[in-house]
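Have a look at the structure below, then the notes.
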Amino acid sequence: MESIDLHHEILKEISTSGGAIPFRRFMELALYHPDHGYYASGRAKVGKEGDFFTSVSLGSIYGRLLASVCRDVWERLKKPAEFTMIEQGANDGSMAADILETIAGSEGLFNQAFRLIIVEPFPVNRDRQKQKLSRFSNVTWVSSLEELPEFTGIHLSNELLDAFPVDSLRWNGTTWEEECVVSEDGTLQWKSRSIQDSKLQSAAAYLPIHLSKGFRIEINRGIHPWLSTLHSKLKRGIILTVDYGQAGEDRYAPHRADGTLLSFKKHERFNDPLPEPGLRDITAQVDFTALARSAREVGFQILGYSNQHHFLVGTAEPWLRSLGDFTDQGDAARRDLSALQALLNPGSMGIQFKAIALGKEFPSEPPLGCFKYQRPEFEAL
């Protein structure tokens, strides 16, 4: 019923907008319409019973390793008496629970200094998070980045940016055109038109023009204001985000000629994101070169950039050394090792996912432990 209602809402907006809406607006409605959007309605579920897997789906090891990154950041900041982690895109709170439990299990000043603020605009998600995190007293919520207090610490997000609404552009052989959504007898269809938004024209000016006719590129214009707000809120610390995407010329590889837009439902992948708005997740891979450019423009320093494999090898190294002989470990450790192996797998998450750290008033040397094995991809930024 919700999909039918949202479909009608979209058709109505197409009609009142002169017969077409930008794809960016369609994606915004499909994911974030306050009543029927995929995320806003609470339909987004992760894991075996949901629509897609994330690194968090594989077990608590991912959150526990991120807790060690938080500790490393705290130590590099000279152990402030109050250290704040901001999480955005927390879904049901599973990653936050793993991080909090790990830190709560360690005695000392870091545990006393640590507090978590979750940015959550949707009541249904906030209720789930509060239920899962009810045993922790050092958690608060805000509805938007603008409501955040100034903080010292880390803003952490996992698979957040790929769900920001994007503009979709096609190269017609001469110029870049904007892809829109139109209705043909009630069915949602694609249509290209000249770019009408001056800000989108400015963003398109960064795109190459040597590509084959029909090449599609997505532009994530939401990243720049997101970074600008975070820079104004962060006193000292880092922004760490993990997502899938590319940097440099890899973004324009021939096999990406049809872009990176995908939708997901019950672990099935669809190349066309238009059907069933509100019932499917919609994603676009992150252009980390554009992200880094925006980060520098608002005043951040790029501290590190790595694929997930090398990011987690650096993060997990102290834990792996503590295990000693793997054959002597119990079932829990063996499950953790199995999950870590999946996270590191170059054939899936290990290479597709990237981690980038942006710093403000934060020492760049020595590098954070999680980036000690970063590869030359950093130069692509």
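One table, with the values for the structure above:
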| item | result |
| --- | --- |
| Extreme residue, nearest to Leu234 (Cα to Cα), among residues of region 264-290 that are touching a strand residue (DSSP E or B) at 6+ places or on another chain (Cβ under 7 Å), touching a residue at least 40 places away in the same chain (Cβ under 8 Å) and not in a loop (DSSP other than H, G, I, E, B) | Phe288 |
| Candidate set from region 7-24 (those that are free of Cβ contacts under 8 Å to residues at least 40 places away in the same chain and polar (S, T, N, Q)); member that is farthest from Trp190 (Cα to Cα) | Thr16 |
| Ser232, sole failed condition from (1) in a strand (DSSP E or B); (2) out of contact with any helix residue (DSSP H, G or I) (no Cβ under 7 Å at 6 or more places or on another chain) | (1) |
| Subset of region 93-121 [of a type in the set (D, E, K, R), closer than 30 Å to Pro34 by Cβ and surrounded by fewer than 22 Cβ atoms within 10 Å (Cβ to Cβ)] | Asp98, Arg115 |
| Of all residues making up region 205-226, the number that are in contact with a strand residue (DSSP E or B) (Cβ under 8 Å, 6 or more places away or on another chain) and either part of a loop (DSSP other than H, G, I, E, B) or under 11 Å from Thr175 (Cα atoms) (or both) | 9 |
| Cross-chain or 6+ apart pairs with Cβ under 8 Å, region 105-118 first and farther than 15 Å from Lys79 by Cβ, then assigned to a helix (DSSP H, G or I) | Leu116/Ala96; Leu116/Ile99; Leu116/Leu100; Ile118/Ala96; Ile118/Arg126; Ile118/Gln129 |
| Residues that are of a type in the set (Lys, Arg) and touching a Gly at 6+ places or on another chain (Cβ under 9 Å), drawn from region 192-223 | Lys213, Arg216 |
| Breaking point among (1) surrounded by 14 or more Cβ atoms within 10 Å (Cβ to Cβ); (2) touching a helix residue (DSSP H, G or I) at 6+ places or on another chain (Cβ under 7 Å), for Pro208 | (1) |
| Strands (runs of 3 or more DSSP E) fully within region 115-197 counting 3 or more residues that are within 19 Å of Asp258 (Cα to Cα) | 167-171, 176-184, 187-194 |
| Residue, modelled with the lowest pLDDT, within region 323-340, restricted to residues that are among the polar types (S, T, N, Q) and over 15 Å from Arg64 (Cα atoms) | Thr327 |
| Residue under evaluation Ser202, criteria (1) surrounded by fewer than 12 Cβ atoms within 10 Å (Cβ to Cβ); (2) without any contact (Cβ under 8 Å) to a residue 24 or more places away in the chain; (3) of a type outside the set (Lys, Arg); (4) not in a helix (DSSP H, G or I), criterion not met | (4) |
| Single residue of region 51-72 satisfying the filter (part of a helix (DSSP H, G or I) and small (Gly, Ala, Ser)) that is nearest to Lys266 (Cα to Cα) | Ser57 |
| Residues that are at pLDDT 95 or above and surrounded by fewer than 17 Cβ atoms within 10 Å (Cβ to Cβ), drawn from region 257-269 | Ala257, Asp258 |
| Residue count, region 243-263 (criterion: in a helix (DSSP H, G or I) and among the hydroxyl-bearing types (Ser, Thr, Tyr)) | 1 |
| Residue within region 122-135 that is of a type in the set (Val, Ile, Thr) and crowded, with 19+ Cβ neighbours inside 10 Å present | no |
| Subset of region 146-164 that is acidic (Asp, Glu) and farther than 20 Å from Val242 by Cβ - its residue that is surrounded by the most Cβ atoms within 10 Å (Cβ to Cβ) | Glu147 |
| Flag for Phe288 being at pLDDT below 95 and on the phi < 0 side of the Ramachandran plot | no |
| Pair list, Cβ under 8 Å, 6 or more apart: region 151-173 residue touching a residue at least 40 places away in the same chain (Cβ under 8 Å), other residue among the basic types (Lys, Arg) and in a helix (DSSP H, G or I) | Phe151/Lys233; Pro165/Arg24; Pro165/Arg25; Val166/Arg24; Asp167/Arg24; Ser168/Arg24 |
| Matching residues in region 237-255 - criterion: being in contact (Cβ under 8 Å) with a residue 12 or more places away in the chain, surrounded by fewer than 21 Cβ atoms within 10 Å (Cβ to Cβ) and within 18 Å of Phe215 (Cβ to Cβ) | Gln246, Gly248, Glu249, Asp250, Tyr252, Pro254 |
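The values are calculated or read from the model by the stated rules, or taken from the named source; none is laboratory data. Note that the structure is predicted; figures quoted are calculated from it, not measured. Cβ sites come from the backbone with ideal geometry, for glycine too, and all protein chains shown count toward neighbours.
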